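Structure first, then comments.
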Amino acid sequence: MTTDISIILRKTAEYLIASGQVENALSAGQHAPSFSLPDQDGVKTSLESILRRGPLLLVFYSGSWCPGCNLGLKALEEVRPSIEERGASLVVISPQTIEENARTQRAMKVKLPILCDKGGKVAQRFGVRWRIPELLRTSHLKSGIDLPSLHGEDSWMLPIPSRFVVDQNGVIAYSEVDPDQTHRSDPSDILPVLDRLWSVRAA
């Protein structure tokens, strides 16, 4: 199973790079699209309510079926206290159902909120939503990855793994979009970005 998933992830990265879809993603200097999504407990969370407290590190998460994504989730949880010490919030957005996000949070033993982006509408606004082609859908199903069941709908949409830092004015201060789901940069790399935002706020 692990080998099968590794092959799927490699084919996915090759497809995304060849398609040029990564180039559609929002970048630093652009305004972050507004959103209001339910978390793993069904409680609505909006971008505006988060930014009232401080900057935001927003991470798009493919789902519990992806081993590399789960390692990334645990790494984010480890750095979450350092993010919050800088007056910022950490939020993860996933196309999974509310129930699956709650199960993922428990299984991964993380406290960070996981918001449900059904159909990937918010991912689309950030330019990181993509539709899995038929060939890759077959590979997913053969490997036991039933995305329609995990997502509660059959659009076969996923977010490209990505991270955005949004300042309190709603402007993207940092963006990182990586189609290779087996590669994860250290979340602590974000801390200097938050430090710069903090120094601007304090000035």
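Counting only residues that are under 21 Å from ARG10 (Cα atoms) and of a type in the set (Phe, Trp, Tyr), region 124-156 holds 2 of them.
Checking each residue of region 80-87 against the condition of being out of contact with any strand residue (DSSP E or B) (no Cβ under 9 Å at 6 or more places or on another chain), among the small types (Gly, Ala, Ser) and over 27 Å from ASP180 (Cβ atoms) gives at least one match.
A Cβ distance below 9 Å, combined with a sequence gap of six or more or placement on separate chains, defines the contacts here; from region 9-22, residues that are closer than 22 Å to GLY144 by Cα and aromatic (Phe, Trp, Tyr) reach residues that are surrounded by fewer than 16 Cβ atoms within 10 Å (Cβ to Cβ) and at pLDDT 75 or above in the pairs TYR15/PRO133.
Identify, please: which residue in region 66-84 is in contact with a helix residue (DSSP H, G or I) (Cβ under 9 Å, 6 or more places away or on another chain) and among the acidic types (Asp, Glu) and is, among those, surrounded by the fewest Cβ atoms within 10 Å (Cβ to Cβ)? Steps first, please.
Taking region 66-84 as the starting set, the residues that turn out to be in contact with a helix residue (DSSP H, G or I) (Cβ under 9 Å, 6 or more places away or on another chain) are 66-68, 70, 72-80, 82-83.
Next, from what is left, pick out any that are among the acidic types (Asp, Glu): 77-78.
Numbers: GLU77: 18, GLU78: 12.
Filtering region 66-84 for residues that are in contact with a helix residue (DSSP H, G or I) (Cβ under 9 Å, 6 or more places away or on another chain) and among the acidic types (Asp, Glu), the one surrounded by the fewest Cβ atoms within 10 Å (Cβ to Cβ) comes out as GLU78.
If you check LEU76, LEU58 for being more than 15 Å from LYS109 (Cβ to Cβ), at pLDDT 95 or above and either touching a strand residue (DSSP E or B) at 6+ places or on another chain (Cβ under 9 Å) or hydrophobic (A, V, I, L, M, F, W, C) (or both), only one passes: LEU58.
The sole residue among ARG125, ARG137, ARG129, ARG106 that is surrounded by fewer than 17 Cβ atoms within 10 Å (Cβ to Cβ) and touching a residue at least 24 places away in the same chain (Cβ under 8 Å) is ARG125.
Which of the strands (runs of 3 or more DSSP E) contained wholly in region 1-97 include at least 1 residues that are out of contact with any Phe, Trp or Tyr (no Cβ under 9 Å at 6 or more places or on another chain)?
36-38, 44-46, 89-94
Test SER185 against the criterion of being free of Cβ contacts under 8 Å to residues at least 60 places away in the same chain and within 15 Å of ASN70 (Cα to Cα), and give yes or no. Yes; evaluated as a whole, the condition is true for this residue. In region 33-49, what residues are farther than 11 Å from VAL91 by Cβ, within 17 Å of the chain's Cα centre (by Cα) and among the small types (Gly, Ala, Ser)? Scanning region 33-49 gives SER34, SER36. Restricting to region 18-41, name every residue that is modelled with pLDDT of 95 or more and small (Gly, Ala, Ser). Scanning region 18-41 gives SER27, ALA28, GLY29, ALA32, SER34, SER36. Take the conditions (1) among the small types (Gly, Ala, Ser); (2) more than 20 Å from ARG163 (Cβ to Cβ); (3) touching a residue at least 60 places away in the same chain (Cβ under 8 Å); GLY87 misses just one of them, which is (2). Report, by residue number, each residue of region 153-168 that is in contact (Cβ under 8 Å) with a residue 40 or more places away in the chain and more than 25 Å from LEU71 (Cβ to Cβ). Within region 153-168, ASP167, GLN168 qualify. The requirement of being under 16 Å from ALA28 (Cα atoms), under 13 Å from the mean Cα position of the chain (by Cα) and at pLDDT below 95 is not satisfied by VAL165.
The values are calculated or read from the model by the stated rules, or taken from the named source; none is laboratory data. Model, not experiment: these values are computed from the prediction. Using ideal geometry, Cβ is built from the backbone for each residue, glycine included, and neighbour counts are taken over all protein chains shown.
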